[in-house]
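Enquirer: Sharing a structure here in structure tokens format.
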Amino acid sequence: MRASFQKDLTIEDSYQLRGDAAHHLVNVVRIELNEEILLLNGAGLKVKTKVSALSKREVTLTKIDHEEATRSFAMDLALGIPKKEALELLRNAAKRP
């Protein structure tokens, strides 16, 4: 099943994809009628859909099912890039047996 990221995804009965998302699905992925597509919003909402209409510039999807997941954790990541001298020390330490 193919997936498509939709930033402003909400739960609807049908969806119209236009622009880059439609172009990618129609011309690159080459989806067909009745193929299932998973829509994701990156915040836990997953909507399983089926292609109900296709044109060169628009894809119409009909909702089959949806699921809302919540994260039970929060994660932050901070990376510190060492200065050149410290980076060389790290490289040399990693090369030692």
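The values are calculated or read from the model by the stated rules, or taken from the named source; none is laboratory data. All of these numbers come straight from a predicted model, not from anything done at the bench. So basically every Cβ, Gly included, is an ideal-geometry build from the backbone, and we count neighbours across all protein chains shown. The accessibility values were calculated without ligands, DNA or RNA, using every heavy atom of the protein model including side chains. Shrake-Rupley method; radii C 1.70, N 1.55, O 1.52, S 1.80 Å.
Enquirer: Say we look at the stretch 41-76 and pick out the residues that are open to solvent by less than 70 Å² (accessible area, probe 1.4 Å) and among the β-branched types (Val, Ile, Thr); which of these is farthest from Ala22 (Cα to Cα)?
Expert: Among those residues, the one meeting the criterion is Val47.
Enquirer: Restricting attention to the stretch 14-35, and to residues there that are under 23 Å from Glu67 (Cβ atoms) and open to solvent by 70 Å² or more (accessible area, probe 1.4 Å), which single residue is farthest from the chain's Cα centre (by Cα)?
Expert: Asn34
Enquirer: Another one. Only residues that are open to solvent by 80 Å² or more (accessible area, probe 1.4 Å) and under 38 Å from the mean Cα position of the chain (by Cα): list them for the stretch 82-93, please.
Expert: Answer for the stretch 82-93, where residues must be open to solvent by 80 Å² or more (accessible area, probe 1.4 Å) and under 38 Å from the mean Cα position of the chain (by Cα): Lys83, Lys84, Leu90, Arg91.
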